[in-house]
């Protein structure tokens, strides 16, 4: 290995990203996944929405089924029923 390669080789990149969905640990296979892919990973049915829990006082973010979401290690998500019917 030459000197330039030794300086730029930072070892293998992680292939799985540790995340949590509904307080359960999962390993995401790629750094960007759609809401549908994340729900499939956790076994969540289509009649639930997935939300990204933002740290601090800001509002949580709804993860759309058809839009890629950039993942980072330790990201927390939770599911909620898509339709809530009080009193039923």
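Which order, highest average first, do 21-27, 77-83 follow once you tally other Cβ atoms within 10 Å for each residue and take the mean per peptide?
Packing order, densest peptide first, comes out as 77-83, 21-27.
Give me the number: length gained by fully extending residue 22 to residue 53, i.e. 0.36 nm times residue separation minus the C-alpha to C-alpha distance, one decimal in nm.
Between residue 22 and residue 53, full extension yields 10.1 nm more.
Run the numbers for residue 40 and residue 64: contour at 0.36 nm per residue of separation, minus the present Cα-Cα distance, in nm.
Contour length minus the Cα-Cα distance gives 7.3 nm.
What relative contact order, as a whole-number percentage, does the range 14-81 give when Cα pairs under 8 Å and 6 or more residues apart are counted? If you can, show how the numbers build up before the last one.
Working: 133 pairs, mean separation 28.6, N = 68.
Normalised by residue count, the contact order of the range 14-81 is 42 percent.
On a full-extension model of 0.36 nm per residue, what is the gain between residue 30 and residue 78, subtracting their alpha-carbon distance, rounded to one decimal in nm?
Gain in length upon complete extension: 15.4 nm.
What does the convex hull of the alpha-carbon atoms of the range 14-81 project to on average, in nm²?
Values: hull surface 17.1 nm².
If I average the Cα hull's projected area over directions, I get 4.3 nm².
Each reported figure results from applying straightforward, stated rules to the coordinates on display, with no laboratory input. Just so it is clear, the structure is predicted and the values come from calculations on it, not from any experiment. Quick reminder, even Gly has a Cβ in these numbers, built from the backbone with ideal geometry, and neighbours come from all protein chains shown.
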